[in-house]
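A.B. asks: Sending over a structure as structure tokens; questions will come in a sec.
The values are calculated or read from the model by the stated rules, or taken from the named source; none is laboratory data. The shown structure was predicted, so the numbers you read here are calculated from the model rather than taken from an experiment. Cβ coordinates were reconstructed from backbone atoms using ideal geometry, including for glycine residues, and neighbour counts include every protein chain displayed. Ligands, DNA and RNA are excluded from the accessible area calculation, which covers all protein heavy atoms including side chains. Shrake-Rupley method; radii C 1.70, N 1.55, O 1.52, S 1.80 Å.
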Amino acid sequence: MDSQAAPDGVDPNVPNVARMYDYYLDGKDNFAADRAAAEQILKLFPETRDSARENRAFLSRAVRHLVESGVRQIVDLGSGLPTQGNTHEVAHGVAPDTRVIYVDYDPVVCAHGRALLADGENITIVQADARDPEKLLVALREHVDFDRPVAFLMLAILHFIPDESSDGAGAYEIVQRLCEASTPGSYLVLSHAIDAKPDTTPEALEIYNRATAALSLRTHAEITRFFDGYELVEPGLVFPKDWRPDDQPLIGAESTSIGYSGVGRKP
Ligand SMILES: C[S@@+](CC[C@H](N)C(=O)[O-])C[C@H]1O[C@@H](n2cnc3c(N)ncnc32)[C@H](O)[C@@H]1O
């Protein structure tokens, strides 16, 4: 994207985490500052590109699992810029009556979402900040029937929210509030980055400190805590490529995973 295309209020010179991720996925919706920061990360963590693709492949398998299990309402929180294999495409491939609500706080993400996705059936775009879960729930109640099971997808978003945040609720509080609002039979799907290379991580953290959101990396045990109130479905919290692999070829080398992913069901 040409930085002239930045909407009012969007600074194209500050690397943006949604657009850096778009660059990892070979997308075109990014500015020079996003590409430069993403290239710095790729130098430190060349596996980031494959990991982003593994994360998307996990999303597809998890969404298929949800819809095949009977879920018909999916909230994709921190949905990111539209890419290949968007949540509604996967869900509607199994059951076209599945309602998909995309939520992101980023105005560029929401504008692209509206332009590309919003004329589809059963798709809604909501601009909201997860760090205000009460306001988020008010906005969601217009589109989600909380008396019926709902799945919250929180892929590659929680590592942008610290345990305690001066900008609103912390990561655990947000997930807990969404769990409380959900009926039994609802789901939480998440993926989360880890400190995969302690020697290199500090430099990567510095790069994200200068971007629109800093990174809060967590351990396996800390990520597992997000599933309090849920039962992890098999195979538990694992590398994305190990979560119910299908017959698609592996995306990268064995060592590409720089995060964990899992699916929990509220009993
Ligand atoms: C790395 S992208 C992940 C996109 C997609 N979920 C995936 O895993 O493929 C992270 C997204 O989370 C969004 N995000 C970060 N913090 C957020 C917050 N507090 N509220 C809503 N969205 C947020 C960013 O704008 C970005 O689009």
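A.B. asks: Report, by chain and number, residues whose modeled amide H sits under 5 Å from the one on residue 213, excluding near sequence neighbours (fewer than 5 apart, same chain).
C.D. replies: Close amide H contacts, sequence-distant or interchain: 17.
A.B. asks: Using only Cα atoms, figure out Rg for the chain and give it as a multiple of 2.2 N^0.38 Å. Kindly include the intermediate steps, with their values, before the conclusion.
C.D. replies: Numbers: Rg = 17.3 Å, N = 267, 2.2 N^0.38 = 18.4 Å.
Computed over Cα atoms of the chain, the ratio equals 0.94.
A.B. asks: Does region 214-267 classify as rounded, prolate or oblate by the C-alpha gyration tensor (a ≥ b ≥ c root eigenvalues; a/c under 1.5 gives rounded; else a/b over b/c gives prolate, otherwise oblate)?
C.D. replies: Numbers: a/c = 3.11, a/b = 1.29, b/c = 2.41.
Oblate shape, in that a/c is at least 1.5 and b/c is the bigger or equal ratio.
A.B. asks: Still on this structure, please answer the following. What is the distance in Å between the Cα centroid of region 166-190 and that of region 89-105?
C.D. replies: If you average the Cα positions of each part, the centres end up 19 Å apart.
A.B. asks: Just how large is the dipole of the chain about the Cα centre, in debye to the nearest 20, putting +1 at every Lys and Arg Cβ and -1 at every Asp and Glu Cβ?
C.D. replies: Working: 25 positive and 42 negative charges, 73 e Å.
Charge dipole, the chain, about its Cα centre: 360 debye, nearest 20.
A.B. asks: Distance from a point 7 Å along Cα→Cβ of residue 132 to each backbone N in region 144-177: keep the residues under 15 Å and list them by number.
C.D. replies: 166-170
A.B. asks: Provide, in order from the shortest bin, the percent of all Cα-Cα pairs of region 182-247 in each 10 Å bin, continuing until the bin that contains the maximum pair distance.
C.D. replies: 16, 39, 30, 14, 1
A.B. asks: Indicate the gyration tensor shape class of region 1-102 (rounded, prolate or oblate), computed on the Cα atoms with a ≥ b ≥ c the square roots of the eigenvalues: a/c under 1.5 is rounded; otherwise a/b larger than b/c is prolate and the rest oblate.
C.D. replies: oblate
A.B. asks: Calculate, for region 136-203, the solvent-accessible area per residue in square angstrom, rolling a 1.4 angstrom probe over the heavy atoms of the protein chains.
C.D. replies: 42
A.B. asks: For the residue pair residue 39 and residue 166, what label-to-label distance in nm results when each label sits 7 Å from Cα along the Cα-to-beta-carbon direction?
C.D. replies: Result: 3.3 nm between the two label points.
A.B. asks: Let me cross-check residue 258: its accessible surface, 1.4 Å probe, with only protein heavy atoms counted, in Å² to the nearest 10?
C.D. replies: 40
A.B. asks: Further question on the same structure: Which length gain, in nm to one decimal place, applies between residue 32 and residue 214 when the Cα-Cα distance is subtracted from 0.36 nm times their residue separation? Walk me through the numbers on the way to the answer.
C.D. replies: On the way: separation 182, 0.36 × 182 = 65.52 nm, distance 1.93 nm.
Extra length available between residue 32 and residue 214 comes to 63.6 nm.
A.B. asks: Going Cα to Cα from residue 266, which lysines come in below 25 Å? Please leave out same-chain ones fewer than 8 positions away.
C.D. replies: By straight Cα distance, residue 266 reaches 135, 241.
A.B. asks: For region 1-110, give the magnitude of the charge dipole about the Cα centre (Cβ charges: +1 Lys/Arg, -1 Asp/Glu; no others), in debye to the nearest 20. Present the calculation step by step, with values, prior to reporting the outcome.
C.D. replies: Numbers: 11 positive and 17 negative charges, 72 e Å.
Its charge dipole is roughly 340 debye.
A.B. asks: Continuing with this model, one more query. Using a 1.4 angstrom probe on the protein heavy atoms only, could you order 222, 121, 180, 54 from most to least accessible area?
C.D. replies: Numbers: 222 75, 121 145, 180 110, 54 5 Å².
So, going from the largest accessible area down, we get 121, 180, 222, 54.
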